[in-house]
Every structure is written in structure tokens, then in C-alpha cells.
Amino acid sequence: MRFDSPSNENLADDLVQPLITGWAKSRAGKNVTVIHEHGRTHCVFKTPIGGQSRDRESFYWENTDIIESARNFHQERQHFLSIFGNENLPDTVVSAAGYKLLVREMLMYRPVRKDLNSGETSVKRISHSDEADWFNQQKGHKFILPEHLDDNDVYDFYTCDGGVLTSCARAIHQNNFFVVDDVYTHPEYRRKGLASQILTEIATTAFQAGAYAEILIASEGGIPLYLKENFLAVAPLRVFSMNN
């Protein structure tokens, strides 16, 4: 797998492992164990996460023994298997091993711009518990956990209109990266540039924090937005669920 970003011999691990660590912190706070190995990472959550619920997920990249490795780690327990790149391992082979393809996504990357200035903006950052309670009520679930609010490396940005959450996104400073997660715009406020405003605010904050790039996993529908915002498509991601 080729990464269109600064090169070094451990680039794959250096890029993907911070992404997964940040994503896991975003989704579960302290309630997750993250196990990094060369070319793969396993996440074990104390409570299930996601719209498609799971409490175990493994991520693989530049790895040749994916299915056997995942089976050995999880044994017979239900889990998700997420594969970056590895075009030589077709969906049919993974499906034949007992997995169902759930979604296709894209790992994307944007170098931090030093000349960027967000200027006047309506974007706000959650900074206290009352805001977090309102935000969680708007989201319909407890997205901001107490440990998120207390962590200076977790940034929850949002815009609002008359008490309505119109757009939001989270960024987590992990190693030298800003991991961007859960970019959302209210359906009635789309095509107004709100997501772009928040992404600009994240980029500005990333520069101020000394990060050198932003990374995220984009849905197929979100890829055009991120390309427009100068993110680079790095590697496709396929997410599978083990069929019991």
C-alpha cells in the first residue's frame, strides 16, 4: 500500500496506528484496550460501540495472514475485520472465510497548512459540562464522555442556530496527527459550507498544536467533500463482520 505523505520505512504503522488510537479514544474514551503490532491493531471495547454494534475490531494493513491472524486473536467471538488496501485479498476470499462486507470507506490525509487563518468564525469548541450535556442531547446519545471533556487533546467543534446543532466534528491530537472523526451536518443546513468551516477550524487548531497532518476515515459519500478540502485519498478501507 502506498501512502501519499512524508515517507519513512515505518510509514504505514506511523500513520495508521495513531489513526486507530485516536478513533478508539473518540468512540469509547477509556473503555477500550488497543493492541498495536506491526501491520495490525486490535481493539477490545468494554461495552459495544457503533450503529452496527460490536465490542471487538481488528485493523490490518500490509499484512499477508489477515484472516488467520484475526481468527486466532478473536477465536470464535463476534468481531469486525477492517482491511486497509490489500487489493490482492478480494472480497470473495474474505467472504468465503465467514465474513460479510458491511461498508467501503477511504483513509484520507491532509498536511497541515502553515499559512491558514480561519479568521472570524461561528465555530465553537465544547469547553464545559453544560455544553457537553446539550451537545449529547442534540446528538441523541452520550458522544462526549467525561474523560473527553477533561482531555486537552480532544476537541469537539460545533455550530448552532437557535439552539439547534447544525454541524459538528471531533478532532483528537494523537502523536503528530489530528485524527478527525464524526463530521456531521444537520440535513436542513447542508450545502451552506458549515462542514468546511469546521474543517478549517480543525486545520488552524492542528497547526497551533504543532501537528503536521490531519487524518480521517471517510464514507463513500463524504469523499468528495474531503477531496474538495484538499485531503488526499491514501488507501481504501473495507469493513467486514464475522458471520456466526
> Roughly how many nanometres apart are two label points built 7 Å out from the Cα toward the Cβ at N230 and T64?
Replying inline: 4.0 nm
>> What are the ³J(HN,Hα) couplings of region 14-23, residue after residue, when phi is run through the Karplus curve with 6.51, -1.76, 1.60 and θ = phi - 60°? Round to Hz, x for glycine and proline.
In response: 5, 8, 6, 5, x, 4, 5, 4, x, 4
> Using θ = phi - 60° and the Karplus curve 6.51 cos²θ - 1.76 cosθ + 1.60, what whole-Hz ³J(HN,Hα) does each residue of region 45-52 get, with Gly and Pro shown as x?
Replying inline: 9, 5, 10, x, 10, x, x, 9
>> Taking amide H atoms as placed 1.01 Å from N in the peptide plane, list the residues 5 or more away in sequence, or in a different chain, whose amide H sits under 5 Å from that of Y99.
In response: N243
> Quick one: if you stick a label point 7 Å off each Cα along the C-beta vector at T92 and K142, how many nm between them?
Replying inline: 4.7 nm
> For region 128-139, in order, what is each residue's ³J(HN,Hα) by Karplus, 6.51 cos²θ - 1.76 cosθ + 1.60 with θ = phi - 60°, in whole Hz (x at glycine and Pro)?
Replying inline: 8, 5, 5, 4, 4, 4, 4, 4, 5, 5, 5, 6
>> Give me the extension gain from D115 to R77: residue separation times 0.36 nm, minus the current Cα-Cα distance, reported in nm with one decimal.
In response: 8.8 nm
> Just A213, A97, A132 to compare: in a GNM of the chain, with alpha carbon springs under 10 Å, which one fluctuates most?
Replying inline: A97
>> Give me, ordered by chain and number, the residues 5 or more places off R54 or on other chains with an amide H under 5 Å from its own placed amide H.
In response: I49
> For Rg and Dmax of the Cα atoms in Å, which listed value, [x] 19.2, 59; [y] 18.0, 54; [z] 20.9, 75, comes from the coordinates shown?
Replying inline: [y]
>> Compute the helix-to-body angle for 194-208: its Cα long axis versus the longest principal axis of the chain, expressed 0 to 90° and rounded to tens.
In response: 80 degrees
>> Could you tell me the calculated FRET efficiency between S53 and R104, based on Cβ-Cβ distance and R0 = 22 angstrom, to the nearest 0.05?
In response: 0.65
>> Taking the alpha-carbon distance from K142 and a cut-off under 30 Å, which lysines remain once sequence neighbours fewer than 8 residues away in the same chain are dropped?
In response: K25, K30, K46, K100, K124, K192
> Which residue, V112, V123, V164, tops the fluctuation ranking in a GNM of the chain built on C-alpha contacts under 10 Å?
Replying inline: V164
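No value in this document is a laboratory result; all are computed from the given coordinates. No experiment lies behind these values; they were computed from the predicted model shown. Cβ sites come from the backbone with ideal geometry, for glycine too, and all protein chains shown count toward neighbours.
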